[in-house]
Amino acid sequence: MLGRIRGWQRRHWRERSKAERVELQSVVTWHVTTWALYFAWLVFPMAGDLGRSGMARVLGGALMVVGALQCVAANVLTRPALDHYLGRRTVGGRLLTVPWLLLGLALGIVVGLRATGAADPITCRMALGSVLMAFGLVYAMVVPRGAFLLRGAVLAVVCMAGFAASGGGAVDVVLAGGLVAFASAFSLFAARCGAWTLAVLWEAERAREIEARLAVAEERLRFGRDLHDVMGRNLAVIALKSELAVQLARRGRVEAVEQMIEVQRIAQESQREVREVVRGYREADLGVELAGAQGVLTAAGISCEVAGEVGGLPAGVQSALGWVVREATTNVLRHGDAGWCSVAVEVAEGRVVLAVENDGAGAVAGVGGGGSGLAGLRERLAEVGGTLTAGPVGGGVFRLVAEVPLASSAVAAAEGAVA
């Protein structure tokens, strides 16, 4: 699973599914938020106090360096922490050793700034919030919610004690504790809400894959059940009559010929019934497939428009084009990230043209080149003299076009085979 996730991280944006895009966007947002807080709450306020004294320059510069290292560590650990929350891997305590050390060092410098008066009290409190959230955005995804809140409360007490020992007044101490509480709550909310949303999206993605597999398995079971119902009884009768014919032949009885004739008749009947089963399995009604595609895509949140009339088309043509609609719909749902899809059927100049377009070209394009599904469609269309073209046409649009001649010996032959 982790290898699969790593694989999509290297793909182009348009090749990603919705869940993959949301995850990448969330990770980038966490990275940017860490640095934004670093500059807004630490660098800019601290820069104004660096001219106070040499101590301010030393401690302030050291805090900026440590804060930058915190941001780097947070960016590096965001992905492992998210994988831990989503159950893809386990993050051990050793991985958090460096963030813990950097947090302790940063808090010590902040208390030192407050004790020496090298920085303004407001600047010290803002720096406190910055270093806490750089650590908390990652830590909130690694530990249980209750443990995070408990440790946040302990840290608030420690920070309040540090500010009190550094000579801060009661208001200053209370504000420091409140800022720790705010930083803890903000980190927990920002990290956990985003990670929970991703967990729901990935669960929906897995559910969709399972649903597709179950649909295939159900169809295979139906076909196997129908084939067993058709062949089971007939094969049993053939076996019994063949055995009877053998016994009669050994005795020189002329009835053996009659039994073999009956076996031949049952075998021919079985062959016909098997063709009927296969016909039901292979045939696809174009009108039904168009209505089904529109319903499925609409239910999936994809706007779908169907245009054209299919009445009067030969059965062979409808069957072939029905499979085209079915495969195109499957590709849009499974491989693309489309927002809209249009299906148009047009009869002109002795040919019927089926065109399917959608705006999920990034992911579906890889399927159109040599996918086994489209290769199978080309084989089906070739049986009725048809052709299939598929590929991106610009503007993020993917188009699949199937053309079948109406007055064709291939169509007549296909209909004869079906009948």
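Points to keep in mind about this one:
- The Arg192 and Glu276 beta-carbon pair, evaluated with R₀ = 45 Å, returns a calculated FRET efficiency of approximately 0.20.
- Dipole of the chain, positive direction: furthest Cα of Ile302, Val384, Phe135, with charges on the beta-carbon: Phe135
- FRET E, pair Thr116, Ile210, Förster distance 41 Å, beta-carbon r, rounded to 0.05: 0.10
- For the chain, share of DSSP beta bridges that run antiparallel, in % to the nearest 5: 80 percent
- Here the dipole of the chain is about 1900 debye; that uses its Cα centre as origin and unit charges on the Cβ of Lys and Arg (positive) and Asp and Glu (negative).
- Residue with peak Gaussian network fluctuation, the chain [Cα springs, cutoff 10 Å], from Asp337, Asp285, Asp226: Asp226
- Val174 paired with Leu24, simple spin-label distance in nm, labels 7 Å along Cα-to-beta-carbon: 4.9 nm
- Taking the average, over residues, of other Cβ atoms within 10 Å as the packing measure, peptides 166-174, 83-91, 37-45 rank 37-45, 83-91, 166-174 from highest down.
- Whole-number accessible area per residue in Å² for the chain, which is evaluated in the context of all protein chains at 1.4 Å: 51 Å²
- Peptide ranges 109-119, 238-248, 124-134 listed from the most packed, as the mean C-beta count within 10 angstrom indicates: 124-134, 109-119, 238-248
- Residue with peak Gaussian network fluctuation, the chain [Cα springs, cutoff 10 Å], from Gln294, Gln271, Gln318: Gln271
- Carbon-plus-sulfur accessible fraction, region 145-233 (probe radius 1.4 Å, protein heavy atoms only): 71%.
- For region 16-98: rounded, prolate or oblate by the Cα gyration tensor [a/c cutoff 1.5]: oblate
- As a calculated quantity, the FRET efficiency between Gln264 and Arg225 at R0 = 22 Å, using C-beta atoms, amounts to about 0.25.
- Shown for region 34-102: the carbon plus sulfur share of the solvent-accessible area, taken with all protein chains present and a 1.4 angstrom probe, equals 70%.
The values are calculated or read from the model by the stated rules, or taken from the named source; none is laboratory data. No experiment lies behind these values; they were computed from the predicted model shown. In this analysis, Cβ positions are derived from the backbone assuming ideal geometry, glycine residues included, and neighbour counts consider all displayed protein chains. For accessibility, only protein heavy atoms count, side chains too; no ligands or nucleic acids. Shrake-Rupley method; radii C 1.70, N 1.55, O 1.52, S 1.80 Å.
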